[in-house]
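Participant: First the structure, then my questions, so here it is.
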């Protein structure tokens, strides 16, 4: 039984190698043809709807993170929750909240980078920017 499986493996390998040698297989050196750039104006929906919505969402999340104590989800709001949890003796909850707070500065950096990239796409693909 083991011998049959071994022979079957050799037959499959030889058949594959033969197909590649003859040229019926896919060549590794072949690269797909580059896709042409979309025609101007074909990005109308992206330029008029999706990019502005994405920029609005980025601005909203940034404003939320930078908000004051009364803004739910802001860094200041989380800090107040952490202080309250520590005062009540809930150190595990306070540690979880502190982990969220420590990620906020990195998140702001990521949002700024994404906004820069989106604005770059908007200026190059949408002309003057919608």
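The values are calculated or read from the model by the stated rules, or taken from the named source; none is laboratory data. This structure is a prediction, so every number in the text was calculated from the model and none was measured. Cβ: placed from backbone, ideal geometry, glycine included. Neighbour counts: every protein chain shown.
Participant: Quick one: which of 120, 84, 115 is exposed (fewer than 13 other Cβ atoms within 10 Å of the Cβ) and not in a loop (DSSP other than H, G, I, E, B)?
Facilitator: Going through 120, 84, 115 in turn, the sole match is 120.
Participant: A further question follows. Looking at region 46-65, I want the residues that are at positive phi and modelled with pLDDT under 95 and have a partner that is surrounded by 12 or more Cβ atoms within 10 Å (Cβ to Cβ) and part of a helix (DSSP H, G or I) with Cβ atoms under 8 Å, at least 6 apart or on another chain. Which pairs are those?
Facilitator: Within 8 Å, no pair qualifies.
Participant: Residues that are within 30 Å of residue 48 (Cβ to Cβ), surrounded by 13 or more Cβ atoms within 10 Å (Cβ to Cβ) and modelled with pLDDT under 95: does region 87-109 have at least one?
Facilitator: Initially, region 87-109 is screened for residues within 30 Å of residue 48 (Cβ to Cβ), giving 107-109.
Next, from what is left, pick out any that are surrounded by 13 or more Cβ atoms within 10 Å (Cβ to Cβ): 107-108.
Going one step further and asking which of them are modelled with pLDDT under 95, we end up with 107-108.
Within region 87-109, one or more residues are within 30 Å of residue 48 (Cβ to Cβ), surrounded by 13 or more Cβ atoms within 10 Å (Cβ to Cβ) and modelled with pLDDT under 95.
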